[in-house]
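Engineer: If you scroll down you'll find the structure; I have some questions about it.
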Amino acid sequence: MVPWIAMHDCACPPLPGVEILGVRVHVVDWPAALDRIAAFVAEGKPHQVVTVNPEFVIAARHDAAFRDVLARADLSVADGVGLLLAARLRGVLLPERVTGTDGVVRIAERSAALGWRLFFLGAAPGVADRAVERLRDRFPGMVVAGTHPGSPAPEEEDDVVARVRAARPDVLFVAWGAPRQDLWIARNLDRLGVPACIGVGGAFDFHAGLVRRAPRILQRTGTEWLFRLALQPRRWRRMLALPRFAALAAGEAWRMRRGR
């Protein structure tokens, strides 16, 4: 396990990271991840946060642009039990899952306490607004710089970037799904000028109450994917990445131990 310095110079000390099937992930728990995001906000320079799960890792093996975005991210967290298990096979303890869905809540709480300005970009029209309403019920002091469904389409890029820049957020949540959201952030990071840009996938749907979250017991045991598959059977093709990831990660760990 070696320190990992990401794409933008930061006054923060480098974080330790572990490489899983060619994708680096920081060894952080929630307090450490939030502290690093707080450092990004204090610094004021643009930074990208990626929430890596097994599907990301498999996609990155076939998508060089996505692989490069993950490699250059300023903070890469493990959003998936599969990453924790794969790291353990390599002798590295990733303390816990650091998910985009939970991150929206924890950062909303920080916003209420510290005045961070949040921008919610993505999802279907009205979904981000509904998510904001429900989050404000929990955190009345949350500061919302703006919401916009937008699109990652190239012809809308300049307009979306201009909206975000005009709102001057400290944290930008982008909910267009991977890898589109992460590629879009990387492509526009310097133009956006937002201290912390985070791809959060379907998080707005959860927080708007449109999609149920799996019970805590399933989240803790790593079987949340079964619950999501039951609610959204069309996801079955995406779920094929999970057994492939498990087989590849186990093979990689075995080769490492054999080499030693």
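Engineer: In the range 186-213, which residues have a backbone nitrogen under 15 Å from the label point lying 7 Å from S151's Cα in the Cα-to-Cβ direction?
Structural biologist: The answer is none.
Engineer: Using a simple spin-label model with points 7 Å from Cα along the Cα→Cβ vector, what separation in nm is obtained for R257 and R187?
Structural biologist: 4.3
Engineer: Would you tally the net charge around A166, using a Cβ to Cβ cut-off of less than 13 Å, leaving A166 out, and scoring K and R as +1, D and E as -1?
Structural biologist: Local charge sum for A166: +3.
Engineer: Right, here's the next one. With an 8 Å Cα cut-off and a minimum separation of 6 or more residues, compute the relative contact order for the range 6-123 in percent.
Structural biologist: It rounds to 28 percent for the range 6-123.
Engineer: Now for a separate question. According to the Kirkwood expression over distinct Cα-Cα pairs, how big is the hydrodynamic radius of the range 35-183, in Å?
Structural biologist: About 16.5 Å, per the Kirkwood formula over Cα pairs.
Engineer: How do I58, I198 rank when sorted from fewest to most other Cβ atoms within 10 Å of their own Cβ?
Structural biologist: I58, I198
Values in this text are rule-based calculations from the coordinates and carry no lab data. Since the model is a prediction, treat every value here as computed from it, not as a measurement. In this analysis, Cβ positions are derived from the backbone assuming ideal geometry, glycine residues included, and neighbour counts consider all displayed protein chains.
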